[in-house]
Amino acid sequence: MTTVRSMVLALSCLFSTVGVGQEPIKVLIAVDMEGVTGVVTAEQLGPAGFEYQRFREFMTDEALAAVAGAREAGATEILVVDSHGNGQNLLIDRFPPEVRIIRSWPRPLGMVAGLDSSFAAVVFIGYHSGTTNRHGVRAHTMSSANITSLKVNGEEVSESGWGAMIAGTFGVPVVAISGDEAAVGELLVRIPGAEGAIVKQSISFHSANTMTPAAGQALIRERVREGVRKRGSISPVSPPSTEPVTVDITFKNYRPAEVLAYLPMFERPTSHSIQFTVKDMLAASQVFEFVGDYEIGLSP
Ligand SMILES: [Zn+2]
């Protein structure tokens, strides 16, 4: 018993900075890359791009700025989720030792993996606008190659909206977001009290008027600090966990909808889309991740 208790104590000391008698304040920071300061094209976004290695550093610095802001607002435990591309972008040796980091895919909750109702707040860093938005650098939802629309209960949702609904199912509010003006605008329409750090103004899909990395990081730190500080006044997003959700996914190509509709759980309202209803956003997320990840040749 004593051994177990001292082990638990040692573990909690390792992973948090919470003091004796103090409630832990857990913050999840999901980090994407298209909305990072200065990002405009694929050259910054993946290992094949000539600027990728440099922009991994900027992405990491923005995540670190968010960590710093969250800690200044009282966060005692921080989980950072690498939610772009291969999920292996963040330079993990640059984070403070008490931070935990989720890497790679697949994962049932996708971009907000690791989230549960013990968290006090969620922060989105480096986010971009959704695929049906006419504005925003690299506007897309989950997969620019494969998906042209994602709806929950008939309403178009972007990655921030989808993540906010998963968080809402756990009763956790999204308190801050960084990205271009289109990405920030989408979340603030949904969550008026959240803080937005607009680090660039989009000009087109592949062009923006951007801040410098240092200026972007300073803004992120400030807005995240403010968002986490006022987390108690920001409402978690509906739909509530008690009501089923209906999801529509429209594919760029014909065959995913055709083949998925063989499964009785899927309707096929149009040639390129499927529709399904499940008990909550957590189940919806699992189905969505399955649709994106499954292929018969999966190995190992
Ligand atoms: Zn994304």
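How far is the Cα center of the stretch 76-92 from the Cα center of the stretch 117-182, in Å? One Cα centre to the other: 17 Å.
Compute and list, largest first, the equivalent-ellipsoid semi-axes of the chain from the alpha carbon gyration tensor, each √(5λ) rounded to a whole angstrom.
30, 24, 19
In this simple spin-label model, placing a label point 7 Å from the Cα along the Cα-to-Cβ direction at both SER104 and GLN22 gives a separation of 3.5 nm. Taken one residue at a time, the phi angles of the stretch 176-185 give Karplus couplings (6.51, -1.76, 1.60, θ = phi - 60°) of 7, 9, 10, x, 7, 5, 6, 5, 5, x Hz. Gly and Pro are set to x.
Give me the number: length gained by fully extending THR277 to ALA214, i.e. 0.36 nm times residue separation minus the C-alpha to C-alpha distance, one decimal in nm.
So the extension gain works out to 18.2 nm.
Counted residue by residue at 0.36 nm each, then reduced by the alpha carbon distance between them, the extension gain from TYR262 to ALA145 reaches 39.8 nm.
In this label model, SER117 and GLN53 are separated by 4.7 nm, measuring between points 7 Å along each Cα→Cβ vector.
Taking a straight Cα-Cα cut-off under 19 Å and skipping sequence neighbours fewer than 8 places away in the same chain, the aspartates and glutamates within cross-link reach of LYS200 are ASP32, GLU34, GLU43, GLU51, GLU57, ASP61, GLU62, GLU159, ASP180, GLU181, GLU186, GLU222. Go ahead and run the numbers for FRET between ARG134 and ARG255, Cβ-Cβ distance against an R0 of 45 Å, rounding to 0.05. Result of the calculation: an efficiency of 0.95.
In this structure, the residue pairs whose Cα-Cα separation is over 18 Å, taken from LYS151/LYS230; LYS26/LYS230; LYS151/LYS279, are LYS151/LYS230.
A Förster radius of 30 Å, combined with the Cβ-Cβ distance separating GLN201 from GLU72, puts the computed FRET efficiency at roughly 0.65.
Which of rounded, prolate, oblate describes the stretch 128-242, given a ≥ b ≥ c as roots of the alpha-carbon gyration tensor eigenvalues and a/c under 1.5 marking rounded, otherwise prolate only if a/b is larger than b/c? Oblate. With the convex hull drawn around the C-alpha atoms of the stretch 191-277, the volume per residue stands at 164 Å³. Once the Cβ-Cβ distance of THR270 and ALA42 is raised to the sixth power relative to R0 = 22 Å, the FRET efficiency obtained is 0.15. The phi-based Karplus calculation (6.51 cos²θ - 1.76 cosθ + 1.60; θ = phi - 60°) puts the 3J(HN,Hα) values of the stretch 104-116 at 6, 10, x, 7, x, 9, x, 5, 10, 3, x, 6, 8 Hz, whole numbers, x for Gly and Pro.
Only the coordinates and a few stated rules stand behind these numbers; no lab work does. This structure is a prediction, so every number in the text was calculated from the model and none was measured. No Cβ is skipped: glycine too gets one built from the backbone with ideal geometry, and neighbour counts run over all protein chains shown.
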